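Every number in this text was worked out from the coordinates using simple rules, so none of it is lab data. Treat the numbers as computed from the prediction; the structure is a model and nothing was measured. Quick reminder, even Gly has a Cβ in these numbers, built from the backbone with ideal geometry, and neighbours come from all protein chains shown.
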Amino acid sequence: MKNTLKNIFHSPRFVVGFIIFVALLLTMIFYPIFNPGDPLERIGVGTFAKPGTYFSMYDATSAKTETFRLADAEENRINALLTGDARTRMIDWMSRHGDDVAGLDPADTGALMEAWGRYYEDVRLSGMTNADRVYFRRLNNSIVNSATAEELLVMEEDPETGDYAQKGTISLTDYVNTKDVANVKTLPLGTDNFGRDTLRELVSAAGVSLRVGLIAGIVATLIGLSLGLLAGYLGGVADDIIMFITNIFTVIPSFVLLILISYSISQEARGASLVAVVIGFTGWTWTCRSVRSQVISLRNRDHVNLSKLSGHSMVRIVLTDILPYIASYVVMAFILQVSAGILSEAQLSMLGLGPKTTETPTLGLMMNWAMLYSAHTNGSWWAYFPVILTITLISFSLNLMNTGLDQVFNPTLRD
C-alpha cells in the first residue's frame, strides 16, 4: 500500500490535479468562516454591482477627512465621466456641428475637452433626436460642474420642521480613509442579478455542486459495480438479463433520460440530493460494462478456481478474489463519475431542471441566473466567468487525477 501511494504521488499529472482539487476544497471549507452568512442573502437593491470596495456615503460625510492635492485628480475625475461611448458620441456631435475634428484622438482627454469647450452649444442638430440633445446637455453640465465646482454642500433635514439646514461641506481636496467609515463592504466579484455577494455565493455553490457530484458518483459507481460484478461472474442468463437492461439504458441517451426524470419531479421536491441520485441512476451503464469485462477476464484465474474448489461462497469470492484486482479501476471510474455528475447538474440547471432555487445555490443555477438576466450581453463578466472557471478547474483536476492513476495502474501506459 505504501509503495502504491508513493507511485501515485510520483505521477506529475495526479499531483497537479490533486493540488488544484485540494485548493478548491480548502477554499470551500475556510472561506465561509471568514465571510459567514446566507449565500442567497440580498445585500444590494440593484443588480450586477461591479467588483470593488463599497463604503456608505452617509457614514463618509461624518468621517474624519484629510486634505490631499493630487496633480492628476481633475483629469481622473474627467476620465471617470467620459466613457468610451461618451467620447465617441462627443466627436460625432462636433462632426455633425461642422467642426474640424479630423485626427482628434478620443483617448486624448485634454484635446477632447479643449475642442468640446470651444465648439459645444445647446442646439439640436439635424438628424439628432431630442433625447440626444438632452444627453449632451447633461454630459456638458457634468463636465462643467466637475471642472468648476469647488465643494458640495451636505444638507440635513430637521425632523420637526422639515426644513433643510447645512450640515457641512465636501471639498474637492477632501479624502476619507475607508477605515474611518463605519460601513465598508469589499466585493471581489461584485453582486449578481439579485444583488447577492457573488463570491460568497460561488463558494457555497461549488460546495453544493461537489456534493451533488459525490452523491451521483457513489450511486452510479455502486449500481455499475454491483451489476458488472454479477454479470461478469455469473454469466449465462443472469448476464443476459443484466446486459439487456444495460443496453436499454445505453440506447436511450442518458441526458435525455435525465431530463425526462427531472421534469417529472416537481420543482419543490427537486433538492440537491435528489437531483444527485437521479444523475447517478442514469449514469451507471458504462461503469457496468467496463467492470463486467474486467470480471470476465478474472473469473477463471487460478486463485478464483481454487476458492471455488475450497467451497467459498460467491460473495466471498467476489469480494476477496476479484474486487481487489479491479479496485484501482473502480476508483478511477468513481472519479470520472463525480466529474460527470457535476457537469450533468450544471446542464440540468441551465435548462431550469436543477435543484430548487430557494434553498441552496449550485454552479449550474448561477449560470442559469446569469443567462436569464443577460449578464453576458451587458458586460457583467463576474456573474458567469468565475462560475465557468470553477467548473473547469474541478473537472480538470478530477480528470488529471484520473489520468495520473491510469498511468500508475495501467502497465501499457507506463514509460
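So the values come out like this:
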read-out: Translational D in µm²/s for region 30-154 (Stokes-Einstein at 4 °C, 1.567 mPa s, Kirkwood Rh from C-alpha pairs); value: 71 µm²/s
read-out: Region 108-195: GluC sites (Glu not before Pro) falling in loop per DSSP and having at most 16 other Cβ within 10 Å; value: Glu121, Glu150, Glu160
read-out: Packing-based exposure ordering (other Cβ within 10 Å, fewest first) of Tyr263, Tyr233; value: Tyr263, Tyr233
read-out: Under 27 Å from the Cα of Lys179 - lysines, other chains or at least 8 residues apart; value: Lys50, Lys64, Lys167
read-out: Within straight-line cross-link reach of Lys308, aspartates and glutamates at Cα separation under 13 Å, skipping those fewer than 8 residues along the same chain; value: Asp321
read-out: Taking the C-alpha atoms of region 258-319, convex hull volume expressed per residue in Å³; value: 104 Å³
read-out: For Ser56, net neighbour charge (Lys/Arg +1, Asp/Glu -1) across residues whose Cβ lies under 15 Å away; value: +1
read-out: The chain - mean residue ellipticity at 222 nm from DSSP helices (-39,500 (n - 2.57) per run, n ≥ 4, rounded to 500); value: -19500 deg cm²/dmol
read-out: Rg/Rh ratio calculated on Cα atoms of the chain (Kirkwood radius); value: 1.17
read-out: Of the trypsin sites (Lys or Arg not before Pro) in region 275-319, those whose Cβ has at most 14 other Cβ within 10 Å and which sit in DSSP loop; value: Arg301
read-out: Pairwise centroid distance, computed over Cα atoms, of region 227-248 with region 71-117, Å; value: 75 Å
read-out: For the chain: relative contact order, % (alpha-carbon pairs under 8 angstrom, 6 or more apart); value: 25 percent
read-out: Compactness index (Cα Rg / 2.2 N^0.38 Å), region 77-130; value: 1.10
read-out: Counted charge near Gly224, where neighbours are those whose Cβ lies closer than 10 Å (Asp, Glu -1; Lys, Arg +1); value: +2
read-out: Cα-based equivalent ellipsoid of region 275-391: semi-axis lengths in Å, sorted from largest, via gyration tensor; value: 46, 13, 10
read-out: Per-residue Cβ neighbour rank within 10 angstrom, fewest leading, Lys2, Lys64; value: Lys2, Lys64
